[in-house]
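A.B. asks: Structure in structure tokens, see below.
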Amino acid sequence: MNEYMSLSEASEYIGKSKETLRRWDKEGKLLAVREPMSNYRVYRKSDVDTLFADFLDSSIQETTSNYVETHNEYTVLELFAGAGGLAVGMEKAGLKCVALNEIDKWACNTLRKNRPNWNVLEGDIKSFSFTEYENKVDIVTGGFPCQAFSYAGKKLGLADARGTLFYEFARVVKEVNPPICIGENVRGLLSHENGKTLQGMISILDEIGYNVVPVQVLKAINFNVPQKRERLILVGIRKDIDVKYEYPKPYKKVYNLKDALKKGDLFDCDVPDSEGSKYPKSKIDVLKLVPQKGYWRDLPLEIQKEFMGGSFHLGGGKTGIARRIGWDEPCLTLTCSPAQKQTERCHPEETRPFTVREYARIQTFPDDWKFEGSVAQQYKQIGNAVPVNLGKEVGYSIVKFLNSYYNLSKPK
């Protein structure tokens, strides 16, 4: 077992920047050592694991619950709905879904199968008008993809973003005029085009009458999700509203893979059996040699070189490659295709990818939420989803905001 990790590997492994790790080294929180062979400064894997077990951010206070009761029936219009991770989370928080738009046919079939009463608008968002919902919906949400804008001037206006899916999100918000809108995206949006893309989005929301709350990246492991996934949340509050929005407070407890797949606090039974992808024999032969919580660096050197090919000599941690997840750690972010090259998430004991239902559990979907389409389509839908429990906690934060807003705006 390889007992050392480079700075970039340790950084990728625990989801902290290299600067943070260097600071921790100075503070004595996580000490680097000299590797006997190369004399490089490295970390002992056991030290990194111990720190992860103590959990990474001691500043997190124990939150008992973000639960808030709804004072009225609040309604959501969801764009780019996918297979319903965010929508189910919002529903669990007490919000009512009035319509969902999604272009992928299989994801639409999934939504209809599980919630026959939901109004699923299948097709390209560009072809829909949402004016019938004007002033009738409390929240517009959407996980629009991250696309570059063409910069016409210093300040980006709605018209400059034409052709992007964010333009469509903003157009719908403008048509519907909800008190609050929520966009979600990958963490990479922060640095996309040197931060210009995000600035453009903020300036467009400003133009259509929304103030953007300082953007936060929420870590799913802080919100009862047994997976190291991060989502950037963009919250717009209509400018005539003087109510502060607060992000959900993180929980101290971190759930792990065992909590996802076995009976326990998260689920009241073991994961149901289901179909799943298989690794090719060549990959099985390699992954068999990787211990729990291990990855490609734990392979014999010759096999490392063969398996990694040209990547062997490149920098970077690549800790997700040939990775066997341990029972006592959260899963790494799930991808859309579990057997794809170089993002292995191998089962702790069996040399195979996670099955469809195991995938769904790691994303905190309920066991009775069925996915439509081929196995590959099902994996894609689950891998793209917002984890349900994260959606629920964001839902509670919206309920809290709307309760305050409608309380204040009631005629005295």
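A.B. asks: Just need a number here: residues in region 110-120 that are surrounded by 19 or more Cβ atoms within 10 Å (Cβ to Cβ) and either farther than 16 Å from Gly89 by Cβ or polar (S, T, N, Q) (or both).
C.D. replies: 3
A.B. asks: Of these, Pro338, Pro387, Pro348, which one is modelled with pLDDT under 95, of a type outside the set (Gly, Ala, Ser), open to solvent by less than 40 Å² (accessible area, probe 1.4 Å) and within 24 Å of Leu266 (Cβ to Cβ)?
C.D. replies: None of the others qualify; the one that does is Pro338.
A.B. asks: Return a yes/no flag: does region 374-381 have any residue that is open to solvent by less than 40 Å² (accessible area, probe 1.4 Å) and among the hydroxyl-bearing types (Ser, Thr, Tyr).
C.D. replies: yes
A.B. asks: Could I ask something else about it? Are any residues in region 272-287 open to solvent by 70 Å² or more (accessible area, probe 1.4 Å) and either touching a helix residue (DSSP H, G or I) at 6+ places or on another chain (Cβ under 8 Å) or among the acidic types (Asp, Glu) (or both), and if so, which ones?
C.D. replies: Asp273, Glu275 - these are the residues of region 272-287 that are open to solvent by 70 Å² or more (accessible area, probe 1.4 Å) and either touching a helix residue (DSSP H, G or I) at 6+ places or on another chain (Cβ under 8 Å) or among the acidic types (Asp, Glu) (or both).
A.B. asks: Any residue at all in region 161-168 that's out of contact with any Leu (no Cβ under 7 Å at 6 or more places or on another chain) and of a type in the set (Gly, Ala, Ser)?
C.D. replies: Looking for residues that are out of contact with any Leu (no Cβ under 7 Å at 6 or more places or on another chain) and of a type in the set (Gly, Ala, Ser), one finds at least one in region 161-168, hence yes.
A.B. asks: Still on this structure, I have one more. If Pro145 passes every condition in (1) loosely packed, with under 13 Cβ neighbours inside 10 Å; (2) in a helix (DSSP H, G or I); (3) touching a residue at least 12 places away in the same chain (Cβ under 8 Å) but one, which one does it miss?
C.D. replies: (2)
A.B. asks: Also, quick follow-up: Kindly establish whether Asp206 is at pLDDT 95 or above, surrounded by fewer than 18 Cβ atoms within 10 Å (Cβ to Cβ), over 21 Å from the mean Cα position of the chain (by Cα) and under 25 Å from Ile325 (Cα atoms).
C.D. replies: No.
A.B. asks: Something else about it: Please give the helices (runs of 4 or more DSSP H) falling wholly within region 296-395 in which 1 or more residues are in contact with a His (Cβ under 8 Å, 6 or more places away or on another chain).
C.D. replies: Filter on region 296-395 gives 356-362.
A.B. asks: Still on this model: From Val235, Val217, Val290, which residue is in contact with a strand residue (DSSP E or B) (Cβ under 7 Å, 6 or more places away or on another chain), buried (at least 17 other Cβ atoms within 10 Å of the Cβ) and under 15 Å from Glu184 (Cβ atoms)?
C.D. replies: Just a single option satisfies the conditions, and that option is Val235.
A.B. asks: Please state which of the following conditions Thr319 fails to meet, knowing it meets all the rest: (1) out of contact with any helix residue (DSSP H, G or I) (no Cβ under 8 Å at 6 or more places or on another chain); (2) at pLDDT below 90.
C.D. replies: Looking at each condition in turn, Thr319 falls short on (1).
A.B. asks: Now for a different question. Taking interchain pairs and intrachain pairs at least six residues apart, which have beta carbon atoms under 7 angstrom, with the first residue in region 221-240 and of a type in the set (A, V, I, L, M, F, W, C) and the second assigned to a helix (DSSP H, G or I) and buried (at least 19 other Cβ atoms within 10 Å of the Cβ)?
C.D. replies: Pairs found: Phe223/Asn389; Phe223/Leu390; Phe223/Glu393; Val225/Asn389; Val225/Leu390; Leu232/Leu189; Ile233/Val394; Leu234/Met201.
A.B. asks: Quick check, is Lys252 open to solvent by 50 Å² or more (accessible area, probe 1.4 Å), assigned to a loop (DSSP other than H, G, I, E, B), touching a helix residue (DSSP H, G or I) at 6+ places or on another chain (Cβ under 9 Å) and at pLDDT 95 or above?
C.D. replies: So Lys252 fails the test.
A.B. asks: Report, by residue number, each residue of region 38-70 that is closer than 13 Å to Tyr13 by Cα and modelled with pLDDT of 70 or more.
C.D. replies: The answer is Tyr43, Arg44, Lys45, Ser46, Asp47, Val48, Asp49, Thr50, Leu51.
A.B. asks: Given the criteria hydrophobic (A, V, I, L, M, F, W, C) and modelled with pLDDT of 95 or more, does Phe128 qualify?
C.D. replies: yes
A.B. asks: Now a separate question. Residue check: is Asn177 out of contact with any helix residue (DSSP H, G or I) (no Cβ under 6 Å at 6 or more places or on another chain), buried (at least 16 other Cβ atoms within 10 Å of the Cβ) and under 26 Å from Lys253 (Cα atoms)?
C.D. replies: Considered against the rule, which asks whether it is out of contact with any helix residue (DSSP H, G or I) (no Cβ under 6 Å at 6 or more places or on another chain), buried (at least 16 other Cβ atoms within 10 Å of the Cβ) and under 26 Å from Lys253 (Cα atoms), Asn177 comes out as no.
Conditions tested, residue by residue: (1) hydrophobic (A, V, I, L, M, F, W, C); (2) touching a helix residue (DSSP H, G or I) at 6+ places or on another chain (Cβ under 7 Å); (3) at pLDDT 95 or above; (4) outside any helix (DSSP H, G or I).
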{"residue": "Gly82", "(1), (2), (3), (4)": "no, yes, yes, yes"}
{"residue": "Val88", "(1), (2), (3), (4)": "yes, yes, yes, no"}
{"residue": "Cys97", "(1), (2), (3), (4)": "yes, yes, yes, yes"}
{"residue": "Asn101", "(1), (2), (3), (4)": "no, yes, yes, yes"}
{"residue": "Ala107", "(1), (2), (3), (4)": "yes, yes, yes, no"}
{"residue": "Leu111", "(1), (2), (3), (4)": "yes, no, yes, no"}
{"residue": "Asn117", "(1), (2), (3), (4)": "no, no, yes, yes"}
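The values are calculated or read from the model by the stated rules, or taken from the named source; none is laboratory data. Keep in mind it's a predicted model, so treat the numbers as computed, not measured. Neighbour counts are summed over all protein chains in view; Cβ atoms, including those assigned to glycine, are modelled from backbone coordinates with ideal geometry. What goes into the accessible areas is simple: the full protein's heavy atoms, side chains included, and nothing from ligands, DNA or RNA. Shrake-Rupley method; radii C 1.70, N 1.55, O 1.52, S 1.80 Å.
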